[in-house]
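The values are calculated or read from the model by the stated rules, or taken from the named source; none is laboratory data. Worth saying up front: this structure is predicted, and the values here are computed from it rather than measured. Cβ sites come from the backbone with ideal geometry, for glycine too, and all protein chains shown count toward neighbours. With ligands, DNA and RNA removed, areas are computed over all heavy atoms of the protein, side chains included. Shrake-Rupley method; radii C 1.70, N 1.55, O 1.52, S 1.80 Å.
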Amino acid sequence: MKISALDFDPYDEAVLTDPFPHHERLREAGPVVWLERYQCYGLARFAEVRDALDDWKTFVSSRGVGLADFATEQPWRPPSLLLEADPPLHERTRGLMNKVASLPSLKARQPEWRAKAAALVGELVGRGTVDAVADLSEAFPLSIFPDMIGLRDEGRENLIPYATTVFNAFGPRNALLEQSMSQAAAATAWVAESCKREFLKPDGWGREVYAAADRGDCSEDEAERLVRSFLSAGVDTTVNGIANLVFAFTQFPDEWRKLKEKPELYRKAIEESLRWGGVAQTFYRTTSRDADVSGTTIPEGSKVLLFLASANRDPRRWDDPDRFDIDRNASGHVGFGFGIHQCLGQMVARYEAEAVLTALVEQVAEIRAAGPATRRPNNTLYALGTLPVELVAA
């Protein structure tokens, strides 16, 4: 099958701040496209993206989930033992981390998280215009996540610029990445130090990872790198997920009224926001062998850019995909990936969003846009910069 070659730059700032209008062109060009500018293949349709994510033997992560190929290029930091590893190493490290970040452990924290979310929303309701990014979607995760990991109190503000840089680094070494790395130099140093055993509090997930090292389940160096993985998997995606959820309700106020009438739809609302909002726009894989994708051969050693957010709005899979509809069954979306490399922090993100959304439903009659939202360009994430809203008291 002939492959369409496109002169399309997914890292152009205009695309990063408003990507969805460009996705139809990618999807309609064919199941596989050639992105001339970056000399890589692209997949933008749901079926092809999901299948590539599921076939880890062919579309490997260990050569980097960004544009850089670790087989030929030196990564800017030690590769993630979760996101940038394949079995058998991935089986060992993911199994260890699943025991630490377990469902019972998360459920045990829910009463505290709900109480903190209720208190935070209570402070914002009726205040007038607030920034749903800084005042809510950043403030809430930073009030609970560092304690869960056991991070030291001083310097926690470094978590967001560090995670922002991590996700920028999955793209090309463009001006956006250079600026991000320069601004986050101190944050990166703080994170590197904070993930060491001696700086972690005794009752958090971080020390549990080191306890696994003491049992021989991993090395001391691996434990430090695994703790660091928490800090990228559990911060920026959660911050932007909550912000995009609030943004969705400002764009579709009828859906907010529907949720107020049927609060039992809150979990469907969260899943629909993850599908519709496109927090993680893209990730790469590298082919370990020639791959047949819908009749097209992608040669071994090729970088393949997977457009997750485009897949989640593919009309071949979803009816009226650009509409945010909390009645929709959005299960099966690839907002957190698919297969063995699904995001480690996905349940953290869901439970944090659940705590915030529950507080909003209980205390807020209406979420009103109080000005235009702004976007914070990122090479991987669809991130809000500001979101002025008014939370009208119920």
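Along each of the three principal axes of the Cα atoms of the stretch 1-147, give the extent in whole Å, ordering the values from largest to smallest.
57, 43, 31
What is the Cα radius of gyration of the stretch 40-87 over 2.2 N^0.38 Å, N being its residue count?
The stretch 40-87 yields a ratio of 1.21.
Give the average over all directions of the projected area of the C-alpha convex hull of the stretch 92-131, one decimal, in nm².
Working: hull surface 16.4 nm².
Directional mean of the projected Cα hull area for the stretch 92-131 stands at 4.1 nm².
Heavy atoms only, probe 1.4 Å: what % of the accessible area of the stretch 141-236 goes to carbon and sulfur, would you let me know?
Working: 1880 of 3760 Å².
It is 50 percent, rounded to a whole number.
Spelling out what I want: for every residue of the stretch 97-109, take phi, set θ = phi - 60°, compute 6.51 cos²θ - 1.76 cosθ + 1.60 (Karplus), and round to whole Hz; glycine and proline get x.
5, 5, 6, 6, 8, 7, 4, x, 5, 5, 4, 5, 8
For a quick check: with amide H placed at 1.01 Å from N, whose amide H comes under 5 Å from Tyr382's, ignoring anything fewer than 5 positions away on the same chain?
Ala280, Gln281
With the other protein chains left in place, how much accessible area per residue, in square angstrom, belongs to the stretch 324-394 at a 1.4 angstrom probe?
Values: 2300 Å² over 71 residues.
The answer is 32 Å² per residue.
R0 = 35 Å: FRET efficiency of Asp319 with Asp290, Cβ-based, nearest 0.05? Kindly include the intermediate steps, with their values, before the conclusion.
Details: r = 35 Å, r/R0 = 1.00.
About 0.50, to the nearest 0.05.
With the convex hull built on the Cα atoms of the stretch 343-394, state its orientation-averaged projected area in nm².
4.5 nm²
Taking a probe of 1.4 Å, how large is the accessible area per residue of the stretch 1-43, in Å²? Please list the in-between numbers first.
On the way: 2180 Å² over 43 residues.
So the stretch 1-43 comes to 51 Å² accessible per residue, rounded to a whole number.
Dividing the Cα convex hull volume of the stretch 166-288 by residue count, how many Å³ per residue is that?
191 Å³
Which distance in Å, rounded to a whole number, links the C-alpha centroids of the stretch 72-121 and the stretch 12-26?
A separation of 30 Å, based on Cα centres.
Using only Cα atoms, figure out Rg for the stretch 180-243 and give it as a multiple of 2.2 N^0.38 Å.
Its radius of gyration relative to the 2.2 N^0.38 Å reference: 1.24.
So how many Å³ per residue does the convex hull of the Cα atoms of the chain work out to?
About 128 Å³ per residue, rounded to a whole number.
Assign one of three labels to the stretch 102-247, namely rounded, prolate or oblate, based on the Cα gyration tensor with a ≥ b ≥ c the square roots of its eigenvalues; rounded applies when a/c is under 1.5, prolate when it is not and a/b is larger than b/c, and oblate otherwise.
Verdict is oblate for the stretch 102-247.
Rg(Cα) of the stretch 281-376 divided by 2.2 N^0.38 Å?
1.46
Out of the total accessible area of the stretch 264-394 (probe 1.4 Å, heavy atoms of protein only), what percent is carbon and sulfur?
49 percent
Compute the distribution of all C-alpha to C-alpha distances in the stretch 235-394, in bins of 5 Å from 0, and list the percent of pairs in each, rounded to whole numbers.
Taking every Cα pair in the stretch 235-394, the percentages come to 2, 8, 16, 20, 19, 14, 8, 5, 3, 2, 1, 0.
Give me the extension gain from Glu13 to Arg375: residue separation times 0.36 nm, minus the current Cα-Cα distance, reported in nm with one decimal.
Difference between extended and current length: 129.3 nm.
Could you state the principal axis extents of the C-alpha atoms in the stretch 95-182, from the largest down, to the nearest angstrom?
On the principal axes, the stretch 95-182 reaches 45, 42, 24 Å in Cα extent.
Under the 0.36 nm per residue contour assumption, what length would be gained going from the current alpha-carbon distance of Ala47 and Asp69 to full extension?
Fully extending the segment from Ala47 to Asp69 adds 5.4 nm.
Which part of the stretch 77-106 falls in the paramagnetic zone of Ile340, meaning amide N under 14 Å from the point 7 Å along Cα-to-beta-carbon?
Only 81-96 pass the distance filter.
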